[in-house]
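Reviewing the structure listed below.
The values are calculated or read from the model by the stated rules, or taken from the named source; none is laboratory data. All figures in this text were calculated on a predicted structure; none of them were measured in a lab. With ideal geometry, Cβ positions are generated from the backbone for all residues, glycine too; neighbour counts draw on all protein chains shown.
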Amino acid sequence: MIKATVRWLDERVGATGFVRESLNKVFPDHWSFLFGEIALYAFVVLVVTGIFLAYFFQPSLAQKVYTGGYAPLHGAHVSAAYDSALNLSFGVRAGLVMRQTHHWAADVFVAAIVVHLCRIFFTGAFRKPREINWWIGLTLLVLALFNGFTGYSMLDDLLSGTGLRIAYSIALSIPFIGTWMAFLVFGGEFPSDRIISRLFTTHVFIVPALITALIAVHLAIVWRQKHTQFPGGARTDRNVEGVKFWPTYAAKSTALFLGVASVLTALGGLAQINPIWLYGPFRPETVTSPAQPDWYLGWTEGALRIFPSWEIRFHGFVIANPFFPAVLLPGITFALLYLWPIIDRRFGGDREPHHLLERPRDRPGRTALGAAALTFYMVLFLAGSNDLLARWLSTPVTTITWVFRVLVVVAPVVVGLAVHRAMKAFQTSGAEAFSKVPLRSFLRPRLSGDR
Amino acid sequence: MDERRDTQHRFSGGAIAWAFFLSFCGSVGLAIVYTLGGQVQLEGALLFLSLGGLAIGLVLWSHWLMPQGPDLEDRALLPWDQRDEEQAERAFAAGMSEIARRKFLGRLLGAAVAAFGFTLLFPIRSLGSRPGSALYKTAWRRGARAVTPDGAPVRADGLVDNAFLTVFPEGKTDQADSQVVLIKVPAGAFKTLPGREDWSPERIVGFSKICTHAGCPVGLYQAQTADLYCPCHQSVFYVPDGAVPTSGPATRPLPQLPLAIDAEGFVVAQSDFHEPVGPAFWRLGRRP
């Protein structure tokens, strides 16, 4: 049976060489290598659930009176988009579990990409020859963020309408081209009746196709270059140590897919997410309070909230306030990320190809910079909920905002310096566990080397 | 030694079998729940069971009963083949020189392709209307009655102190850029700005409801402090001084709508806003 299949294939496409090599391909085994796979499998769940949802959702702003399965909204004037999303949740069997799994999978997809990115950054896996995959991976992150936003924005509920309104205002703030850009993307002044169907086409067709294509290239390059590995044992730059694809790695990876799918479906069934029936339909003169975006846009939301009330005016021209936190900051963020392999090579790297990873402690400067950057974005993320913090802490929101304005400058510096010290301490203490590193090596890292 | 491995194998096999069995039960359960009409929490739990059972069974199987290596594989260093590279370069250069020989044709080809590339921009222009003066004006006109979102006109004598409501111009409740907050300010609690002395008849003031920061409706009014709050990014506007921003990221006051009261006692507009409403844009101060 197997023999006949192999022969059949080989006579037609000559694939046995590739198949044999692939079955025997060796994969290094380390827990930190799983995040990219988790992202991949979350994407598979997104595609499967997304196809189901697309069969029911109507990307239309045609107005109607709601008469569906959610009684509290009976009689409300709603759009076909919002109506079909409610019907999907209350009128279609297994519809709600699909919708919520899709939303959870999107949040996990971006989270897994971000953690994967951190792993690559802190272990130097982006170095030659893997720069191309670093750039593809970053592009995948941008597309994932964008598609997350287009996905939850097209339901025409009050929360997502608020997000669209802010996105429109951010586009308007761009110098020279902002007004035209906003009008071309939205099809006119906000709120236009064209944006929902545009979001739909972009969300279900254009971006998923791009993501699929880039994932294919990303994996093909990993396959070709073979995976990186941590130094130690018999591992060198010229070999790969691990388990063979067939059967062990294949079984493990399939198990990981099933595990990711089981957690996402459990969340989709048991943990409510984006309850659009509680937000209500979009009306231009109303707004939800509090209003937070999905987690992965929290940093831009926080930046918008704590950026001081500055803008630049001259001769009637304005560079509007949102431009700085919501266009310039993300622009600089991703520019630095794209340039990072080049920057890293300039500061302490080399031009040689590397297949062995660096431990974070071996490059304290890079590790400290990464930790400082993560702290910066974490403070911004928290600042995105300054209204909720004000409520929980019974403190005026103005005070909270000022605390964040200070923290966003101070915290990254403090964390960066502390991490730099810690990494130096780890260097001098060898491979001991964190808890075994003597306190004095944190306090006087350079002197403790000769203990 | 062998005996111990036997026991271990039997135990492993048993655990894996249980995991697969639970998964099987989960799928059967799913079929039953679905047939009975579906229930979201049960569906989530049963999906967790059927997928999770498979995952745990497989991971235990691969961990306990499959070869664990470590296996070693050689890694070829790039470039794989120096000679291949040279041949590819030569092949490309040969073709390139063929093209370069026809300089005139090559240039014309370049010009034609560039011209066609430019025409590909036209469909982008079709995506939206010309901004023109759209951002500088709203639907408010001289004598337009203020109506609530349901279309009910507002009588000036029907408003008590600190009354706060959202209005649109009559017949234009779908015009998002024309939303206005009406506030009846208590006596002595409002400074009329120079040039706006007759904009607030009977202490009724109107301000654009669209935040000048990022365009959210400024939906919260706190009467004690006379502050308007934007719930999106926490900008605060102080009404008595002409809705100037006092906290948060907003930089410009909310534009004020000149109001009047018509012969029948309804609140009307004297004119459109005197400045653009909503978030700032590049040519904000250069009305065409």
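Which residues, taken from the stretch A:161-186, are of a type in the set (Gly, Ala, Ser), more than 7 Å from chain B (Cβ to nearest Cβ) and under 19 Å from residue A:328 (Cβ atoms)?
Of the stretch A:161-186, the ones of a type in the set (Gly, Ala, Ser) are A:161, A:163, A:167, A:169, A:171, A:173, A:178, A:182.
In the following step, the residues that additionally are more than 7 Å from chain B (Cβ to nearest Cβ) were identified as A:161, A:163, A:167, A:171, A:182.
A:167, A:171, A:182, listed by residue number.
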Evaluate the stretch B:175-198: report whether one residue or more is touching a residue at least 60 places away in the same chain (Cβ under 8 Å) and either touching a Cys at 6+ places or on another chain (Cβ under 7 Å) or at positive phi (or both). no
What pairs come up if the first residue lies in the stretch B:237-248 and is surrounded by fewer than 18 Cβ atoms within 10 Å (Cβ to Cβ), the second is among the hydrophobic types (A, V, I, L, M, F, W, C), and their beta carbons are under 6 Å apart, counting only those six or more places apart or on different chains? B:238/B:244; B:240/B:189; B:240/B:190; B:240/B:226; B:246/B:236
Complete set of residues in the stretch A:280-310 that are assigned to a helix (DSSP H, G or I), crowded, with 19+ Cβ neighbours inside 10 Å and either more than 7 Å from chain B (Cβ to nearest Cβ) or in contact with an Asp or Glu (Cβ under 8 Å, 6 or more places away or on another chain) (or both): A:296, A:297, A:298, A:299, A:300, A:301, A:302, A:303, A:306
Only unsatisfied item for residue A:60, checking (1) buried (at least 19 other Cβ atoms within 10 Å of the Cβ); (2) touching a residue at least 60 places away in the same chain (Cβ under 8 Å), is (1)
Please count how many residues of the stretch A:13-31 are surrounded by 13 or more Cβ atoms within 10 Å (Cβ to Cβ), of a type outside the set (D, E, K, R) and under 18 Å from residue A:229 (Cα atoms). 4
Would you be able to say whether some residue in the stretch B:57-65 is within 46 Å of the chain's Cα centre (by Cα), at the interface with chain A (Cβ under 9 Å from one of its Cβ atoms), surrounded by 11 or more Cβ atoms within 10 Å (Cβ to Cβ) and over 30 Å from residue A:241 (Cβ atoms)? no
Please go through (1) among the hydrophobic types (A, V, I, L, M, F, W, C); (2) more than 28 Å from the chain's Cα centre (by Cα); (3) not assigned by TED's automatic domain parsing to the domain that holds residue B:159 for residue B:277 and return the number of the only condition it doesn't satisfy. (2)
Lone unmet requirement of (1) modelled with pLDDT of 95 or more; (2) at positive phi; (3) away from every other protein chain (no Cβ under 14 Å) for residue B:152: (2)
Please work out which one of (1) part of a helix (DSSP H, G or I); (2) more than 14 Å from chain B (Cβ to nearest Cβ) is the condition residue A:126 fails and give its number. (1)
Can we say residue B:116 is more than 14 Å from chain A (Cβ to nearest Cβ), part of a helix (DSSP H, G or I) and at pLDDT 90 or above? yes
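Would a scan of the stretch A:254-274 turn up a residue that is surrounded by fewer than 16 Cβ atoms within 10 Å (Cβ to Cβ) and over 25 Å from the mean Cα position of the chain (by Cα)? Working first, answer last.
As a first pass, look at the stretch A:254-274 and keep what is surrounded by fewer than 16 Cβ atoms within 10 Å (Cβ to Cβ): A:271-272.
With over 25 Å from the mean Cα position of the chain (by Cα) added as a condition, the list becomes none.
The answer is no; no qualifying residue exists.
Considering only the stretch A:71-123, how many residues are among the small types (Gly, Ala, Ser), in contact with a strand residue (DSSP E or B) (Cβ under 7 Å, 6 or more places away or on another chain) and within 16 Å of residue A:276 (Cβ to Cβ)? Lay out the reasoning, then the answer.
Let us first name the residues in the stretch A:71-123 that are among the small types (Gly, Ala, Ser), namely A:71, A:75-76, A:79-81, A:84-85, A:89, A:91, A:94-95, A:105-106, A:111-112.
Among the residues that remain, those that are also in contact with a strand residue (DSSP E or B) (Cβ under 7 Å, 6 or more places away or on another chain) are: A:75-76, A:79-80.
In the following step, the residues that additionally are within 16 Å of residue A:276 (Cβ to Cβ) were identified as A:76, A:79-80.
Qualifying residue count for the region: 3.
What do you reckon, is residue A:338 more than 10 Å from chain B (Cβ to nearest Cβ) and within 24 Å of residue A:406 (Cα to Cα)? Please lay out each step first, then the result.
Working: more than 10 Å from chain B (Cβ to nearest Cβ): yes; within 24 Å of residue A:406 (Cα to Cα): no.
It is false that residue A:338 is more than 10 Å from chain B (Cβ to nearest Cβ) and within 24 Å of residue A:406 (Cα to Cα).
Any idea which of B:29, B:95, B:14, B:38 is under 29 Å from residue A:272 (Cα atoms) and in a helix (DSSP H, G or I)? I'd like the intermediate steps shown before the answer.
Details: B:95 fails: under 29 Å from residue A:272 (Cα atoms); B:14 fails: under 29 Å from residue A:272 (Cα atoms); B:38 fails: in a helix (DSSP H, G or I).
Only one candidate qualifies: B:29.
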What residue, of A:373, A:368, A:320, is within 19 Å of the chain's Cα centre (by Cα) and on the phi < 0 side of the Ramachandran plot? A:373
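Tell me, yes or no, whether the stretch B:254-277 has at least one residue that is among the hydroxyl-bearing types (Ser, Thr, Tyr) and within 14 Å of chain A (Cβ to nearest Cβ).
If we filter the stretch B:254-277 for residues that are among the hydroxyl-bearing types (Ser, Thr, Tyr), which is where we start, we get B:271.
If we keep only those that are within 14 Å of chain A (Cβ to nearest Cβ) too, we end up with none.
Within the stretch B:254-277, not a single residue is among the hydroxyl-bearing types (Ser, Thr, Tyr) and within 14 Å of chain A (Cβ to nearest Cβ).
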Residue check: is residue A:170 out of contact with any Ser or Thr (no Cβ under 8 Å at 6 or more places or on another chain) and under 28 Å from residue B:283 (Cα atoms)? yes
Just name the residue that is farthest from residue A:291 (Cα to Cα) out of those in the stretch B:199-230 that are touching a residue at least 60 places away in the same chain (Cβ under 8 Å) and part of a strand (DSSP E or B). B:204
Quickly run through the stretch A:222-243 and pick out the residues that are within 9 Å of chain B (Cβ to nearest Cβ) and in contact with a Lys or Arg (Cβ under 7 Å, 6 or more places away or on another chain). A:225, A:226, A:238, A:239, A:240, A:241
